[in-house]
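Notes to accompany the following structure.
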Amino acid sequence: MLAIVLTNEVLVGNVKLTDSLDCSDHEMVEFKIIRAARKAHTKIATLDFRREDFSLFRDLLGRVPWDKALKGRGAQESWLIFKDQLLQAQTRRIPTKRKSGKKAKRHAWINKELLDSL
């Protein structure tokens, strides 16, 4: 009974415990669904690769002195340094756009032409 009352999928009311069915040791629960809860539309910020100039992105990563940055480091430490530099360049150079509603569930790289060909 508690799971039905606390759910956030629907709003319920008039919750009553009634007798069990035949020999069952479970009790029946009667309730009235008042209305479905409103689903919030989430807005997701995605990277807009169509507006990116990758030559500037490449140039920004090329300015990093990789020999000095990775000298004497292990594979894991080198990967973390590279990943950090890549994410910094990404936030500086690749613009974002807001997506909401049904299209927010699709990945940014899936466009209409790709969907039509699939």
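The values are calculated or read from the model by the stated rules, or taken from the named source; none is laboratory data. Keep in mind the model is a prediction, meaning the values are calculated, not measured. Here Cβ is always computed from backbone atoms with ideal geometry, including for glycine, and neighbour counts include all displayed protein chains.
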Meets criteria (modelled with pLDDT under 90, in a helix (DSSP H, G or I) and surrounded by fewer than 13 Cβ atoms within 10 Å (Cβ to Cβ)) for LEU60: no
Residue that is at pLDDT below 90, farther than 30 Å from ASN14 by Cβ and not in a helix (DSSP H, G or I), where the choices are LYS99, LYS39: LYS99
Yes/no for SER78 being under 27 Å from ARG98 (Cβ atoms) and either at pLDDT 80 or above or not in a loop (DSSP other than H, G, I, E, B) (or both): no
Breaking point among (1) in a strand (DSSP E or B); (2) modelled with pLDDT of 75 or more, for ILE33: (2)
Segment 52-72 residues that are in the same structural domain as ARG93 (by TED's automatic domain parsing), paired with ones that are among the small types (Gly, Ala, Ser) (beta carbon under 7 Å, 6 or more apart): PHE57/ALA89; LEU60/ALA89; LEU61/ALA89; LEU70/SER78
